[in-house]
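Asker: What follows is a single structure, and I will ask about it in a moment.
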Amino acid sequence: MAEKELSDIEKLSELRDKGIITSEEFDVKKKQILDSINFSNNQNTVLSSTQTPPKKTNGCLIVIAVLGGIFILFVVMVFVVMIFSSKDDKKIAENGNEVFLSSNKPKNQQQKIDSAKLANKKFNDLPDSEKISILNKELEQKNLTKVQREEIEVEIKGIKQLAFAKTNISAWDGSNPKLERAIKKSMNDPDSYEHVQTTFSYKKDKVIATMIYRGNNAFGAKVLGKILGTFDYDGNLINIENEN
């Protein structure tokens, strides 16, 4: 019995004892209170019985989700392995083909062309000094024809020219810094120096630079000067000749 209903019955009992209400009225009110309590309990029981029990977690869905994740992970791993395997196989095939092309084994026409390309690529990747050393060894062969010898000498000269130009010719104005410094030292007014033009003539064992410049003479007049500088292919300034 709820506390409120119990309190109401006690109050009714006090009213009855005081003569405010009769026993019959007390019994009627008490019965009404008790009936209301029973009705409330019955309602709670009905509601409890009609409530849907909580659904159980579907274990099959969890298993399917886990298996699906494992399958996706497996597919990704297989894909990655295939990619790396393909790269390794390609690299092995390329290396095997490179070994074959570099060998002295008989080759068809296309393989001969590929072999020449490979040899040329390897040669071009070498430092200039090694290229020249290899070509000089080829020149030592006694069975070379005159044309073959001339071709090798032209190739050596071309390599030397490019190497000299990279390190000894200014990309800004085409001058040679060493020759400019030497000229300034010989001038009356080094601050008046102006570069005009420099040309280079490549010989077998030397490079001759012809430089035209402008500067003030002893009287302060602006004049043109011309000087020849002789270099070796290592860029060393060997000789200077003034053509004024």
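Asker: Starting from the range 140-159, keep only residues that are closer than 18 Å to Phe200 by Cα, then list their pairs with residues that are charged (D, E, K, R) and not in a helix (DSSP H, G or I) whose Cβ atoms are within a distance under 8 Å, requiring at least 6 positions of separation or different chains.
Answerer: Lys157/Lys204
Asker: Looking at the range 210-226, is at least one residue of a type outside the set (Gly, Ala, Ser) and part of a loop (DSSP other than H, G, I, E, B)? Give the steps one after another, and end with the answer.
Answerer: Initial filter on the range 210-226 (of a type outside the set (Gly, Ala, Ser)): 210-214, 216-217, 219, 222-224, 226.
Adding the requirement that they be part of a loop (DSSP other than H, G, I, E, B) leaves 217, 219.
Yes, the range 210-226 contains a residue that is of a type outside the set (Gly, Ala, Ser) and part of a loop (DSSP other than H, G, I, E, B).
Asker: Give me the residue from the range 175-187 that is more than 13 Å from Arg214 (Cβ to Cβ) and more than 48 Å from the chain's Cα centre (by Cα) and, out of that set, most open to solvent (accessible area, probe 1.4 Å).
Answerer: Of everything passing the filter in the range 175-187, Lys185 is most open to solvent (accessible area, probe 1.4 Å).
Per-residue answers, yes or no, for (1) of a type in the set (Phe, Trp, Tyr); (2) modelled with pLDDT of 80 or more; (3) over 23 Å from Lys4 (Cα atoms):
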position: Asp17; (1), (2), (3): no, yes, no
position: Ser23; (1), (2), (3): no, yes, no
position: Phe26; (1), (2), (3): yes, no, no
position: Lys30; (1), (2), (3): no, no, no
position: Leu34; (1), (2), (3): no, no, no
position: Asn44; (1), (2), (3): no, no, no
position: Leu47; (1), (2), (3): no, no, no
position: Lys55; (1), (2), (3): no, no, yes
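Asker: Taking the conditions exactly as written (of a type outside the set (Asp, Glu), under 16 Å from Glu243 (Cβ atoms) and surrounded by fewer than 16 Cβ atoms within 10 Å (Cβ to Cβ)), does Leu162 satisfy them or not?
Answerer: On the way: of a type outside the set (Asp, Glu): yes; under 16 Å from Glu243 (Cβ atoms): no; surrounded by fewer than 16 Cβ atoms within 10 Å (Cβ to Cβ): yes.
Answer is no for this residue.
Asker: Which is open to solvent by 50 Å² or more (accessible area, probe 1.4 Å), in contact (Cβ under 8 Å) with a residue 40 or more places away in the chain, of a type outside the set (Lys, Arg) and within 28 Å of Ile152 (Cβ to Cβ), of Thr199, Thr167? Spell out the reasoning first.
Answerer: Values: Thr199 fails: in contact (Cβ under 8 Å) with a residue 40 or more places away in the chain.
Just a single option satisfies the conditions, and that option is Thr167.
The values are calculated or read from the model by the stated rules, or taken from the named source; none is laboratory data. Remember, it's a predicted structure, so these values are computed and weren't measured experimentally. Cβ coordinates were reconstructed from backbone atoms using ideal geometry, including for glycine residues, and neighbour counts include every protein chain displayed. With ligands, DNA and RNA removed, areas are computed over all heavy atoms of the protein, side chains included. Shrake-Rupley method; radii C 1.70, N 1.55, O 1.52, S 1.80 Å.
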